[in-house]
Amino acid sequence: MMAIDMTSSFDVIDCCRPLGSESLAEEEADATAQVFKTLGDPARVKIVNLLARSDGPVCACEFIPALGLAQATVSHHLKKLTDVGLLEREQRGKWAYFSLDADAAAQLASLVRIPEVV
């Protein structure tokens, strides 16, 4: 028969301690989930990547050869990204130019930044 001391207490290990920062409010979590849902398409991820590497706004026409997609499909993806707030759209004549929304990009970066494991 084995005797177990039930009177001793256990220290909480680091992995079980409460999170140090505040969690997202329900509204923020919903909005963030919508952004990630929108980014769930590889073409949209490529668009965001191309804009992140660009020095300025990019004409919608430049995404067609870069993505190998039809104009209507590219327009659809650009609209989805604009609607969720990741892109800014500027009309120049008959062409639309797109750039990353700075605030949305900063918020997205802060959400996906994972600190190094010590």
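The values are calculated or read from the model by the stated rules, or taken from the named source; none is laboratory data. Predicted model only: the values in this text are computed from it and were never measured. All Cβ positions, even for glycine, are placed from backbone atoms using ideal geometry, and neighbour counts span all protein chains on display. Accessible surface areas use protein heavy atoms only, side chains included; no ligands, DNA or RNA. Shrake-Rupley method; radii C 1.70, N 1.55, O 1.52, S 1.80 Å.
Quick look at the numbers
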{"quantity": "Output for the range 84-95, where each listed residue is touching a helix residue (DSSP H, G or I) at 6+ places or on another chain (Cβ under 7 Å) and either surrounded by fewer than 18 Cβ atoms within 10 Å (Cβ to Cβ) or acidic (D, E) (or both)", "calculated": "G85, R89, W95"}
{"quantity": "The one condition in (1) farther than 15 Å from V58 by Cβ; (2) under 11 Å from the mean Cα position of the chain (by Cα); (3) surrounded by 16 or more Cβ atoms within 10 Å (Cβ to Cβ); (4) not small (G, A, S) that L111 fails to fulfil", "calculated": "(3)"}
{"quantity": "Residue within the range 63-83 that is at negative phi, open to solvent by 50 Å² or more (accessible area, probe 1.4 Å), modelled with pLDDT of 95 or more and part of a loop (DSSP other than H, G, I, E, B) present", "calculated": "yes"}
